[in-house]
Structures are given as C-alpha cells and as structure tokens.
Amino acid sequence: MKNPIRFFASTLAIGFFAVLPVLLFYLLLGQLIEMLRNLSTRLSGADDSSKFRPATVTTLPGVRGLCFIVEEYANGDFTVFVPFAPTPTLGSIYIVESDRVSFLVGNARQAVSCVASWGDGTVAMVGTPEQPGNG
C-alpha cells in the first residue's frame with residue numbers, strides 16, 4: 001500500500017456511493033408509504049369528513065368534472081383535486097371559486113369507484129347537487 005490516505009479515501013467514497021442508492025430508495029419508499037396511508041385514510045372516511053368530499057367543478061360553460069374538495073378558504077373558495085380516469089391517484093389541483101363547485105350525493109369511496117370505472121355510476125352520485133353553504 002503506497003498511500004494509505006488515498007486508499008482510505010477511495011474506500012470511503014466507494015462505500016458512500018454503494019450505500020447512497022439504498023438510502024435514497026428507503027427515503028422514497030417511506031414517503032410513498034406515508035402518501036398511500038394518508039390517501040387511504042382520507043378515502044375511507046376515517047379522517048375529517050369535509051376533506052376529500054366528492055363534488056363537481058365547472059371548468060367550462062356546460063362542462064363539469066368530478067373532483068374532491070381538499071380544503072376550503074375563508075372567502076369560500078376551494079382547493080379541488082380533479083382525478084384522471086381511470087387512475088384516481090393522478091390528477092390536477094385547482095383553486096376555484098365556490099360558485100363553480102357542486103357537492104355530490106355519496107362518499108369519496110363511491111367517487112373513486114366512478115373514476116376507476118371511467119365514470120360508470122356517476123348518475124347515482126349526481127342526484128340533486130348541493131351548492132356550497134347549503135349542506
């Protein structure tokens with residue numbers, strides 16, 4: 001061994017780069033597990049009932065999309081999650097005015113089922129939509 005410092009530094013670097021992918025994998029896996037736990041808690045209704053309440057949001061005149069209420073602002077606006085069919089865990093997040101939102105009859109689990117089945121079952125949820133502030 002000609003240079004013990006160089007040997008030690010190279011061994012340390014090799015060990016670091018060997019452990020780094022494993023460490024990153026566990027960190028990302030932990031975040032993924034937490035995200036799935038949070039989503040399943042909200043969709044099961046075990047969390048606050050006002051969160052992830054199914055609704056429709058008017059995006060264009062005469063066009064409504066299925067969404068979930070994420071939170072309500074003091075001024076009455078909503079943060080909504082609009083899922084992509086047939087994958088209810090992917091979608092877009094919008095902040096919309098309350099007059100663009102109508103609550104649906106049913107719970108989040110039924111709405112997720114509708115999204116996963118390309119909208120089948122939505123008729124039963126639409127019923128007579130409630131306007132925000134009336135229910």
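The values are calculated or read from the model by the stated rules, or taken from the named source; none is laboratory data. Because the structure is a prediction, the values reported are computed rather than measured. Reconstructed Cβ throughout: ideal geometry from the backbone, glycine too, with neighbour counts over all protein chains shown.
Taking segment 64-101 as the range and being surrounded by 16 or more Cβ atoms within 10 Å (Cβ to Cβ), in contact with a strand residue (DSSP E or B) (Cβ under 8 Å, 6 or more places away or on another chain), under 21 Å from N38 (Cβ atoms) and not β-branched (V, I, T) as the test, the residues that pass are L66, C67, F68, E72, F78, F81, P83, G91, Y94.
Could you say whether any residue in segment 111-121 is assigned to a strand (DSSP E or B), surrounded by 15 or more Cβ atoms within 10 Å (Cβ to Cβ) and at pLDDT 85 or above? Outline the logic, then answer.
Step one: list which residues in segment 111-121 are assigned to a strand (DSSP E or B), which gives none.
Checking segment 111-121: not a single residue is assigned to a strand (DSSP E or B), surrounded by 15 or more Cβ atoms within 10 Å (Cβ to Cβ) and at pLDDT 85 or above.
L12 meets the conditions (1) modelled with pLDDT under 90; (2) under 20 Å from W118 (Cα atoms) in every case but one. The failed one is (2).
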